[in-house]
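Student: Here's a structure for you.
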Amino acid sequence: MNALRMLLLLVAAHVLAGCAAEATDACRGQLGGTLDSAMVDAESRLANGCGYEFERYFGELLTIAEANPDRRNAQHFSEFLLRQTAAGTISRRTAEGLYNRYFNIKFVSLQGDYNTCSQTCPVRARVLSTMQTELKDKELGLLRVSNDPASFYRADHLYKEAELVLEATCRACEAGNGR
């Protein structure tokens, strides 16, 4: 009886492993074609167990859109993210963060209520580095994917303003602390 039970467990494990391998193989291939067809493909894969590949698919979609920049691409990404939120693949917060990181002029890396002197100034180099990285993402989303140079240059201007304001604020904080 134990040998039969063991054999059944081995067969079941083999079948399950085969199913998992099929799902993994279906998730691995690159997206291709137009942005619309690639989004449909990504959504199909995500709905069929490939949610762990969301970040890779999102990056591939950006690359596909970059090859055919169009102002409507930002709207396509917004709709894609909303559908993935509705499907439960990503949270609303993640969707908003991704959209704003690539397609909005405001910086998601410099948000929140905090005391600039005590919380931001000690790590201002890291904050500015993070904002610089986000500016590169905005260059991809706003300029190279959406063909919206005016918005990208506004984002670049906001980055430079934030850099100046943060530097002046931190100097004032240091002066106020008797340094």
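The values are calculated or read from the model by the stated rules, or taken from the named source; none is laboratory data. Given the structure is predicted, the values throughout are model-derived calculations rather than measurements. When we count neighbours, we look across all protein chains shown, and the Cβ atoms used for this are built from the backbone with ideal geometry, even at glycine. Accessible surface areas use protein heavy atoms only, side chains included; no ligands, DNA or RNA. Shrake-Rupley method; radii C 1.70, N 1.55, O 1.52, S 1.80 Å.
Student: Between Gln75 and Lys106, how high is the FRET efficiency from 1/(1 + (r/R0)^6) when r is the Cβ-Cβ distance and R₀ = 22 Å? Nearest 0.05. Spell out each step's value before the answer.
Tutor: Values: r = 18 Å, r/R0 = 0.81.
That pair, Gln75 with Lys106, gives E of 0.80.
Student: Sort Glu134, Glu161, Glu167, Glu55 by heavy-atom solvent-accessible area, probe 1.4 angstrom, most to least. The partial results should precede the final answer.
Tutor: Details: Glu134 0, Glu161 85, Glu167 65, Glu55 155 Å².
Order by accessible area, largest first: Glu55, Glu161, Glu167, Glu134.
Student: Something else now. Fully extended, how many nm does the chain gain between Asn177 and Glu163 (0.36 nm per residue separation, minus their Cα-Cα distance)? Display every interim value, and only then the final one.
Tutor: Numbers: separation 14, 0.36 × 14 = 5.04 nm, distance 2.12 nm.
Once the chain is fully extended between Asn177 and Glu163, it gains 2.9 nm.
Student: Are there chymotrypsin sites (Phe, Trp or Tyr not before Pro) in the range 99-179 that DSSP puts in a loop and that have at most 13 other Cβ atoms within 10 Å, and which ones?
Tutor: Working: sites: Tyr99, Tyr102, Phe103, Phe107, Tyr114, Phe152, Tyr153, Tyr159; in loops: Phe107, Tyr114.
Those that pass, being in a loop and sparsely packed, are Tyr114.
Student: Whole percent per 5 Å bin, from 0 to the bin with the longest distance: what is P(r) over all C-alpha pairs of the range 105-171?
Tutor: 4, 18, 27, 23, 14, 8, 5, 1
Student: Considering every Cα-Cα pair within the range 27-179, what fraction, in whole percent, is farther apart than 28 Å? Walk me through the numbers before you get to the answer.
Tutor: Working: 3638 of 11628 pairs.
Here the tail beyond 28 Å accounts for 31 percent of pairs.
Student: Can you compute 3J(HN,Hα) from phi for each residue in the range 30-44, using the Karplus curve 6.51 cos²θ - 1.76 cosθ + 1.60 with θ = phi - 60°, rounded to whole Hz and x for Gly and Pro?
Tutor: 6, 7, x, x, 6, 4, 4, 5, 5, 5, 4, 4, 4, 5, 5
Student: If you don't mind, there's one more thing I want to ask. Skipping prolines and chain starts, which residues have an amide H placed within reach, meaning under 5 Å, of the one on Ile90, given they are 5 or more residues away or on another chain?
Tutor: Thr85
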